[in-house]
Amino acid sequence: MSNLEELKSKLKSLSAEYAKIRSLPPEERRAFGEKINARKQEILEKIRSLEESKRLLDIKPVDVSAPFAKNSPAPAFKQGTKHPLSSELEIVSEIYRNMGFNVIESSQLDDEFHMFDSLNFPKDHPARDGYDTFRTEEGFIPPAHTSTMQYRALTRFKPNLETLGQIAVVIPGRVFRNEDADATHEHTFYQCEGVFVSKTATLSQLLATWKSFFETYYGQSLNIKTQPGFFPFTEPSLEFKIEKPKSLGGKGDGWLEMGGCGMIHPNVLKTAGIDPEIYKGFAWGGGIDRLVMLKYGVSDVRLFESGKLDFLKEF
Ligand code: DAH
């Protein structure tokens, strides 16, 4: 008989002892009861400690040098899913790729030159304050817009002007602004920038390009509207709006601001080493989170960065 079984049978025989209490004279009952109770606790304690050592002995040793799957053949976690913004950014990039654009990713840490100087922001001009820009102590900038990539897109793809007669690039990326967050504002969000240069680029090509992007993304024809805007890196500059898609509850009276655009300012082309007397360009840029919110009826932009699994699992 194992030690454990022995103890368990002792425990059983103790129950018979309890029955004896009644046959004892009343003045002895209490002392007798206490004695068997103490005995019972003692046995129970021994059983507990024997069971614990048995449990420890049963644990299989871990081979720390083995690949993960050997020690845990059936991982206890489930396969995750892509973040909705990652999936939508892939869709956005694919639409532009099909239209003939190169796709490059935006930088997440940049500097004064790319964020402002190369984009024709005059030095110490108040327009630099309009972007709620974060700065690191070392003077780096987590960019507040994907336009921070325009100089790189222009210089990197400049050889295409010789070979293809055009530069066509889109730049999706993460941007940061020092803003108070609410249901429609986040300090961290996504934008997609577009840059096109050729000898004959026109404003109507710009509007047609951006419009057909939105129509492909929402899978239906859309009305667009533009209003004059101001950006130091475009002249003229426009604000671009689309009519709220009918499939998403639009009744023809909801115009949604989708971003800014315009003809690339000659100074921006010049800084990138492209002769504005020969080449013209257009550029556009707008938020991605808002596109996705409209597509799926997401009411609070903060959900995207919240890490809330309930929300993320819906996609
Ligand atoms: N970068 C601007 C913003 O975040 C949007 C923008 C305006 C982008 C005009 C452009 C442009 O490329 O040409 O507010």
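Of the residues in segment 141-154, at least one is among the β-branched types (Val, Ile, Thr), more than 24 Å from residue 299 (Cα to Cα) and either away from the ligand (no atom under 14 Å from the Cβ) or more than 19 Å from the chain's Cα centre (by Cα) (or both). Reported count of residues in segment 270-293, each being touching a strand residue (DSSP E or B) at 6+ places or on another chain (Cβ under 6 Å) and either in a strand (DSSP E or B) or within 15 Å of the ligand (Cβ to nearest atom) (or both), is 9.
Picking from residues in segment 268-315 that are surrounded by 15 or more Cβ atoms within 10 Å (Cβ to Cβ) and β-branched (Val, Ile, Thr), the one that is nearest to residue 182 (Cα to Cα) is 301. Against the definition (modelled with pLDDT of 95 or more and more than 14 Å from the ligand (Cβ to nearest atom)), how does residue 122 come out, yes or no? Considered against the rule, which asks whether it is modelled with pLDDT of 95 or more and more than 14 Å from the ligand (Cβ to nearest atom), residue 122 comes out as no.
Conditions (1) of a type outside the set (Gly, Ala, Ser); (2) on the phi < 0 side of the Ramachandran plot; (3) exposed (fewer than 12 other Cβ atoms within 10 Å of the Cβ), marked per residue:
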site	(1), (2), (3)
44	yes, yes, no
49	no, yes, yes
52	yes, yes, yes
70	yes, yes, yes
91	yes, yes, no
96	yes, yes, no
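Being in a loop (DSSP other than H, G, I, E, B) and of a type outside the set (Val, Ile, Thr) is a property that residue 299 has. Restricted to segment 231-251, and to residues there that are surrounded by fewer than 17 Cβ atoms within 10 Å (Cβ to Cβ) and free of Cβ contacts under 8 Å to residues at least 12 places away in the same chain, the residue that is farthest from residue 295 (Cα to Cα) is 251.
Remark: residue 257 matches the filter, which requires a residue to be farther than 21 Å from residue 205 by Cβ and acidic (Asp, Glu). Among residues of segment 43-61 that are touching a residue at least 24 places away in the same chain (Cβ under 8 Å), those with a beta-carbon under 6 Å from a residue that is in a helix (DSSP H, G or I) and surrounded by 10 or more Cβ atoms within 10 Å (Cβ to Cβ) at least six positions away or on a different chain give the pairs 43/7; 43/10; 43/11; 46/7; 47/7; 50/4.
Of all residues in segment 191-198, none satisfies being among the aromatic types (Phe, Trp, Tyr) and over 20 Å from residue 98 (Cα atoms).
The values are calculated or read from the model by the stated rules, or taken from the named source; none is laboratory data. What you are looking at is a predicted structure, and each value in this text was computed from that prediction instead of being measured. Please note: Cβ atoms are built from the backbone with ideal geometry, for glycine as well, and neighbour counts cover all protein chains shown.
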